[in-house]
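Report on one structure; see the data block that follows.
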Amino acid sequence: LLLLRGADSTSGCDASSYYASVGSSSSSSSSSLWNSLHAIVDGHTVIPYTSTATDVWDALEVLDADATNANNVLLVYSQRSEPKANHVDASGWNREHVWPKSYGVGYTGADTSDLHSLRAADWGVNSARSNLYFNTCTHTGCSSPAHAEAAADTAKDSAVFMPPANQRGDLARSLMYMAVRYDGTDANTEDLRLSDCPCSYGSTMGMLSTLLAWHVADPPDAAEIERTGLVCSAFQ
(Lines give C-alpha, C1' and ligand atoms only; values in the text may rest on other atoms or scores of the structure.)
Protein backbone atom coordinates (compact mmCIF):
# COMPACT_ATOMS: atom_id res chain seq x y z
CA LEU A 1 0.00 0.00 0.00
CA LEU A 2 2.83 2.37 0.79
CA LEU A 3 6.11 2.05 -1.02
CA LEU A 4 8.94 4.06 0.44
CA ARG A 5 12.32 4.76 -1.03
CA GLY A 6 15.16 3.18 0.92
CA ALA A 7 17.65 6.05 0.79
CA ASP A 8 16.37 8.30 3.55
CA SER A 9 16.93 6.52 6.84
CA THR A 10 17.24 9.74 8.88
CA SER A 11 13.63 10.84 8.31
CA GLY A 12 12.08 7.56 9.47
CA CYS A 13 10.95 6.81 5.93
CA ASP A 14 13.34 3.98 5.18
CA ALA A 15 11.21 1.04 4.04
CA SER A 16 13.21 -1.60 5.90
CA SER A 17 12.42 0.02 9.24
CA TYR A 18 9.10 1.67 8.41
CA TYR A 19 7.31 -1.67 8.01
CA ALA A 20 9.31 -3.62 10.58
CA SER A 21 6.29 -4.06 12.86
CA VAL A 22 4.12 -5.63 10.14
CA GLY A 23 4.00 -9.42 9.97
CA SER A 24 3.86 -11.28 6.68
CA SER A 25 0.41 -11.62 5.15
CA SER A 26 0.84 -15.39 5.07
CA SER A 27 1.04 -15.53 8.87
CA SER A 28 -1.48 -12.78 9.71
CA SER A 29 -5.22 -12.54 9.37
CA SER A 30 -6.52 -9.82 7.09
CA SER A 31 -7.78 -7.85 10.10
CA SER A 32 -4.42 -8.12 11.86
CA LEU A 33 -2.61 -6.96 8.75
CA TRP A 34 -5.05 -4.04 8.35
CA ASN A 35 -4.58 -3.06 12.00
CA SER A 36 -0.80 -3.20 11.70
CA LEU A 37 -0.76 -1.04 8.58
CA HIS A 38 -3.30 1.39 10.00
CA ALA A 39 -1.23 1.85 13.15
CA ILE A 40 1.79 2.80 11.03
CA VAL A 41 0.11 5.36 8.76
CA ASP A 42 -2.34 6.80 11.30
CA GLY A 43 -1.65 10.22 12.77
CA HIS A 44 0.47 11.72 10.00
CA THR A 45 1.59 15.36 9.92
CA VAL A 46 -1.28 17.25 8.29
CA ILE A 47 -0.42 20.10 5.94
CA PRO A 48 -3.00 22.78 5.04
CA TYR A 49 -5.06 22.39 1.90
CA THR A 50 -4.73 26.13 1.20
CA SER A 51 -2.45 28.44 3.15
CA THR A 52 0.16 31.18 2.89
CA ALA A 53 2.49 28.62 4.48
CA THR A 54 3.45 25.33 2.82
CA ASP A 55 0.22 23.81 1.53
CA VAL A 56 -1.06 21.26 -1.00
CA TRP A 57 -0.24 23.51 -3.97
CA ASP A 58 3.39 23.69 -2.87
CA ALA A 59 3.57 19.95 -2.22
CA LEU A 60 2.11 18.95 -5.58
CA GLU A 61 4.62 21.14 -7.38
CA VAL A 62 7.29 18.94 -5.79
CA LEU A 63 5.57 15.56 -5.83
CA ASP A 64 4.20 15.75 -9.38
CA ALA A 65 7.10 17.65 -10.91
CA ASP A 66 7.98 16.70 -14.48
CA ALA A 67 11.33 14.91 -14.28
CA THR A 68 12.31 16.39 -17.65
CA ASN A 69 11.29 19.98 -16.86
CA ALA A 70 11.66 21.33 -13.32
CA ASN A 71 9.29 24.21 -14.06
CA ASN A 72 6.38 21.90 -14.87
CA VAL A 73 4.09 19.33 -13.27
CA LEU A 74 2.94 16.14 -15.00
CA LEU A 75 -0.86 15.90 -15.05
CA VAL A 76 -2.25 12.56 -13.92
CA TYR A 77 -5.09 11.95 -16.40
CA SER A 78 -3.68 13.89 -19.34
CA GLN A 79 -0.04 12.85 -18.95
CA ARG A 80 0.71 16.37 -20.17
CA SER A 81 3.50 18.55 -18.84
CA GLU A 82 2.11 21.87 -17.62
CA PRO A 83 3.87 24.93 -16.13
CA LYS A 84 3.57 24.96 -12.34
CA ALA A 85 2.36 28.55 -12.41
CA ASN A 86 -0.71 27.65 -14.50
CA HIS A 87 -3.04 26.75 -11.65
CA VAL A 88 -4.86 30.06 -11.48
CA ASP A 89 -7.32 29.59 -14.34
CA ALA A 90 -9.35 26.91 -16.11
CA SER A 91 -6.78 26.45 -18.88
CA GLY A 92 -4.22 25.03 -16.47
CA TRP A 93 -4.18 22.48 -13.63
CA ASN A 94 -5.76 22.01 -10.25
CA ARG A 95 -5.84 19.59 -7.31
CA GLU A 96 -7.57 16.28 -7.96
CA HIS A 97 -8.91 14.24 -5.07
CA VAL A 98 -8.37 10.65 -6.19
CA TRP A 99 -10.92 9.63 -3.54
CA PRO A 100 -13.78 12.05 -4.31
CA LYS A 101 -15.17 14.27 -1.59
CA SER A 102 -18.68 12.99 -2.26
CA TYR A 103 -17.50 9.47 -1.40
CA GLY A 104 -16.45 10.40 2.12
CA VAL A 105 -13.48 12.78 1.98
CA GLY A 106 -14.52 15.97 3.69
CA TYR A 107 -13.39 19.57 3.72
CA THR A 108 -11.74 19.92 7.13
CA GLY A 109 -10.30 16.55 8.17
CA ALA A 110 -6.84 15.09 7.68
CA ASP A 111 -8.10 13.27 4.58
CA THR A 112 -8.78 16.56 2.76
CA SER A 113 -5.09 17.32 2.27
CA ASP A 114 -3.64 13.80 2.36
CA LEU A 115 -1.05 13.90 -0.39
CA HIS A 116 -1.34 10.18 -1.15
CA SER A 117 -4.80 10.94 -2.53
CA LEU A 118 -4.09 14.20 -4.33
CA ARG A 119 -2.67 14.67 -7.84
CA ALA A 120 -2.03 17.52 -10.23
CA ALA A 121 -4.70 17.25 -12.94
CA ASP A 122 -5.86 19.18 -15.97
CA TRP A 123 -8.71 21.45 -14.89
CA GLY A 124 -11.11 20.26 -17.60
CA VAL A 125 -10.28 16.57 -17.22
CA ASN A 126 -10.67 16.83 -13.46
CA SER A 127 -14.15 18.24 -14.03
CA ALA A 128 -14.96 15.44 -16.49
CA ARG A 129 -13.91 12.82 -13.97
CA SER A 130 -16.05 14.58 -11.33
CA ASN A 131 -16.91 11.98 -8.66
CA LEU A 132 -16.99 8.94 -10.95
CA TYR A 133 -15.53 5.78 -9.44
CA PHE A 134 -12.76 3.88 -11.21
CA ASN A 135 -13.46 0.89 -13.43
CA THR A 136 -12.76 -0.37 -16.94
CA CYS A 137 -14.89 1.32 -19.59
CA THR A 138 -14.85 -0.46 -22.92
CA HIS A 139 -18.51 -0.88 -23.90
CA THR A 140 -20.17 1.10 -26.67
CA GLY A 141 -21.54 3.69 -24.25
CA CYS A 142 -18.06 4.81 -23.20
CA SER A 143 -16.48 8.01 -24.45
CA SER A 144 -12.78 7.64 -25.25
CA PRO A 145 -10.74 9.60 -24.51
CA ALA A 146 -12.59 10.68 -21.40
CA HIS A 147 -12.04 14.34 -22.31
CA ALA A 148 -10.43 16.18 -25.20
CA GLU A 149 -7.37 16.87 -23.04
CA ALA A 150 -7.18 13.42 -21.46
CA ALA A 151 -4.78 10.67 -22.51
CA ALA A 152 -5.91 8.55 -25.47
CA ASP A 153 -6.40 5.40 -23.36
CA THR A 154 -8.81 7.02 -20.91
CA ALA A 155 -12.57 6.52 -21.07
CA LYS A 156 -15.75 7.29 -19.13
CA ASP A 157 -19.49 6.83 -19.07
CA SER A 158 -22.10 8.22 -16.70
CA ALA A 159 -20.85 6.11 -13.77
CA VAL A 160 -17.18 5.20 -14.20
CA PHE A 161 -13.87 6.74 -15.20
CA MET A 162 -10.92 4.78 -16.61
CA PRO A 163 -7.56 6.55 -16.14
CA PRO A 164 -4.47 6.06 -18.34
CA ALA A 165 -2.98 2.58 -18.22
CA ASN A 166 0.31 3.74 -16.73
CA GLN A 167 -1.53 5.40 -13.82
CA ARG A 168 -4.07 2.70 -12.99
CA GLY A 169 -1.94 0.80 -10.50
CA ASP A 170 -0.75 4.04 -8.87
CA LEU A 171 -4.33 5.25 -8.38
CA ALA A 172 -5.50 1.83 -7.17
CA ARG A 173 -2.82 1.87 -4.48
CA SER A 174 -3.77 5.42 -3.56
CA LEU A 175 -7.34 4.29 -2.88
CA MET A 176 -6.13 1.22 -0.97
CA TYR A 177 -4.03 3.47 1.25
CA MET A 178 -7.01 5.71 1.98
CA ALA A 179 -9.18 2.74 2.92
CA VAL A 180 -6.53 1.60 5.41
CA ARG A 181 -5.66 5.07 6.73
CA TYR A 182 -9.17 6.38 7.48
CA ASP A 183 -11.56 4.50 9.71
CA GLY A 184 -13.58 7.48 10.95
CA THR A 185 -11.69 7.96 14.20
CA ASP A 186 -9.91 11.14 13.08
CA ALA A 187 -11.89 14.34 13.55
CA ASN A 188 -14.10 15.22 10.58
CA THR A 189 -13.37 11.99 8.67
CA GLU A 190 -15.41 8.97 7.60
CA ASP A 191 -14.73 5.23 7.55
CA LEU A 192 -13.52 4.87 3.96
CA ARG A 193 -14.05 1.53 2.25
CA LEU A 194 -13.53 -0.17 -1.10
CA SER A 195 -16.09 -2.47 -2.66
CA ASP A 196 -17.56 -3.78 -5.89
CA CYS A 197 -20.73 -1.94 -4.84
CA PRO A 198 -19.63 1.71 -4.71
CA CYS A 199 -21.90 3.94 -2.66
CA SER A 200 -21.31 7.60 -1.90
CA TYR A 201 -23.68 7.44 1.07
CA GLY A 202 -21.55 4.69 2.60
CA SER A 203 -18.19 6.31 1.82
CA THR A 204 -17.46 3.29 -0.35
CA MET A 205 -15.37 3.60 -3.52
CA GLY A 206 -14.77 1.10 -6.27
CA MET A 207 -14.47 -1.03 -8.14
CA LEU A 208 -12.40 -3.11 -5.74
CA SER A 209 -11.92 -6.11 -8.06
CA THR A 210 -10.77 -3.82 -10.87
CA LEU A 211 -8.44 -1.91 -8.58
CA LEU A 212 -6.82 -5.17 -7.47
CA ALA A 213 -6.35 -6.18 -11.12
CA TRP A 214 -4.83 -2.78 -11.94
CA HIS A 215 -2.48 -3.12 -8.98
CA VAL A 216 -1.14 -6.36 -10.45
CA ALA A 217 -1.05 -5.19 -14.07
CA ASP A 218 0.67 -1.86 -13.27
CA PRO A 219 3.16 -2.52 -10.45
CA PRO A 220 5.02 0.31 -8.72
CA ASP A 221 7.74 1.94 -10.79
CA ALA A 222 10.62 4.15 -9.65
CA ALA A 223 8.61 7.35 -10.04
CA GLU A 224 5.77 6.10 -7.81
CA ILE A 225 8.18 4.85 -5.16
CA GLU A 226 10.01 8.18 -5.22
CA ARG A 227 6.76 10.14 -4.91
CA THR A 228 5.55 8.08 -1.97
CA GLY A 229 8.89 8.46 -0.25
CA LEU A 230 8.79 12.22 -0.70
CA VAL A 231 5.29 12.41 0.77
CA CYS A 232 6.71 10.72 3.86
CA SER A 233 10.07 12.43 4.18
CA ALA A 234 9.19 15.96 3.07
CA PHE A 235 5.56 16.51 4.06
CA GLN A 236 3.59 13.91 6.04
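The values are calculated or read from the model by the stated rules, or taken from the named source; none is laboratory data. Remember, predicted model here, so these are calculated numbers, not experimental data. Every residue, glycine as well, gets a Cβ built from its backbone with ideal geometry; the counts of neighbours run over all protein chains shown. Calculation scope for accessible area: heavy atoms of the full protein, side chains included, ligands and nucleic acids excluded. Shrake-Rupley method; radii C 1.70, N 1.55, O 1.52, S 1.80 Å.
Accessible-area rank, largest first, for Tyr77, Tyr19: Tyr19, Tyr77, with all protein chains present and a 1.4 angstrom probe.
Between the amide H of Val22 and any residue lying 5 or more places away or on another chain, no distance stays under 5 Å, with hydrogens modeled in the peptide plane. Counting only cysteine Cβ atoms and a cutoff under 4.7 Å, the chain contains unmatched residues Cys197, Cys199.
Rolling a 1.4 Å probe across the protein heavy atoms gives the chain an accessible surface of 44 Å² per residue. Between Thr50, Thr136, Thr189, the GNM of the chain built on Cα springs shorter than 10 angstrom shows Thr50 fluctuating the most.
Of Ser143, Ser81, the residue with the largest accessible area leads and the full order is Ser143, Ser81 (1.4 Å probe). Secondary-structure-derived ellipticity at 222 nm for the chain, considering helices only, amounts to -8000 deg cm²/dmol, per-run term -39500 (n - 2.57) for DSSP H runs with n ≥ 4. Surface listing: Trp214, Trp93 arranged by accessible area from highest to lowest gives Trp214, Trp93, probe 1.4 Å.
Annotation note: chymotrypsin sites (Phe, Trp or Tyr not before Pro) in segment 100-137 located in DSSP loop regions with a Cβ neighbour count of at most 16 within 10 Å are Tyr107.
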